[in-house]
Structures are given as C-alpha cells and as structure tokens.
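Structure first, then comments.
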Amino acid sequence: MVDPHAAAQGGREVDGPQPTESKLDGVTLKIPDGWVYEAPEVNSRMPGMSPKAIFRLKPVEGDTENVYVRITHFPGMNVSDEMNLKRWYGMFSQPDGGATADAVSLERFEVGRVSFVVADIPGTMRVAGGSKSDWRMLGVIIKHDRGPHFMKVVGPAGSVEHWKDSVLAYLRSAIAN
C-alpha cells in the first residue's frame, strides 16, 4: 500500500523570514531551529487532503535526501489510532521479512489538552515509483478539540534519528487554542 502523502515530498520554497510557530487549527507549536518551512501545494483534486504545513530538514552526512515533515488535518475524523497505525505499518517492510509492527517503537503522551501517539517506524518504505531502503517514519497522531492532525516525518533512517529529539521538542511545545 503506497500512501502518496508519506513519500518525502516538499512544498514551494518560501522567500523571506521563516515562521517561528506552526499555527494549526486548534493547536500552536514552536518551530525548532533548523526546520525550513515550505509552502504546501494545494491538491487540486482533493483540497482537503492538502498538507497544512511542510518543513524540510537537512540530511546528516552520508545521507543524500532531506527529511520532510508533513502535517495534515482531518477535523472530526473518528478513525481509531490502531487503524492509522496499521495503515502506516503497511507502508514498510522489514529486511528480515518480519512484521513491521514488531519493529515499531510506540510512545503516547499528553501536553495540556493535546495528546500524541508517536510511532517510530523503520524499514524499507514503499513510495510512488519504488521503495526506499533503510528509511524511517515518525508517524504522529495529534489529538485535540479540533483535531486530529497527522504528522509524518519521513527520510533516511540516520537523518530521522538525528532530528527525532527536535521533533519531540516540537510536539511538547503544543498549546491548544
């Protein structure tokens, strides 16, 4: 199963100063240093599926592709966390042939009125046109009064590991509006 929103895709380069906060519908988060905002492209066929925010994170030495952070919003979506997690796991296969669910690290936490489910998913990721070996996705479900938002941090495994603390700091900065 290939999720077109999971592939490492950016938006348009933005001229001028970078924002310091992500003001999403119902929640505000502080953008960490090193995150480069890119203006999301509108999906003309399904505008509601368009990302609400995109950030580009530089790869670590030895990696050749950027890490991308994509945030989408589906207000009122009443799908279980497990359904979303299972869908995300289905985008990966494991080098040893094992179940991706067994390779995942899962964390749940709350910041005020905002709750988070963070799935750290390693493996070979299926993307449009092929696959990416030794990739990783931090799939995040952000639940709040006007949610949920979904955040996917996707890229080469080493680069995603490098940015993981920054991603968690971003989430822990959440303020529900």
### Query
Once both labels are modelled 7 Å past Cα along the beta-carbon direction, what's the residue 109-residue 25 spacing in nm?
2.7 nm
### Query
Once label points are set 7 Å from the Cα along Cα→Cβ at both residue 13 and residue 124, what is their separation, rounded to one decimal in nm?
3.5 nm
### Task
State, to one decimal in nm, how far the label point of residue 58 lies from the label point of residue 83, with both points 7 Å from Cα in the Cβ direction.
4.2 nm
### Summary
Sorted by chain and number, the residues with a modelled amide H under 5 Å from that of residue 24, at a separation of 5 or more or across chains, are 29
### Distant-in-sequence amide H partners of residue 39 (H built 1.01 Å from N, under 5 Å)
12, 14
### Task
First select every other residue whose beta carbon is under 13 angstrom from the beta carbon of residue 18; then total the charges, Lys and Arg +1, Asp and Glu -1.
-3
### Query
Which value, in Å³ per residue, describes the convex hull spanned by the Cα atoms of the chain?
121 Å³
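No lab work stands behind these numbers, since they all come straight from the coordinates. On a predicted model such as this, the values are computed, not experimentally measured, just so you know. Methodologically, a virtual Cβ is constructed for each residue, glycine included, from the backbone with ideal geometry; neighbour enumeration extends over all protein chains shown.
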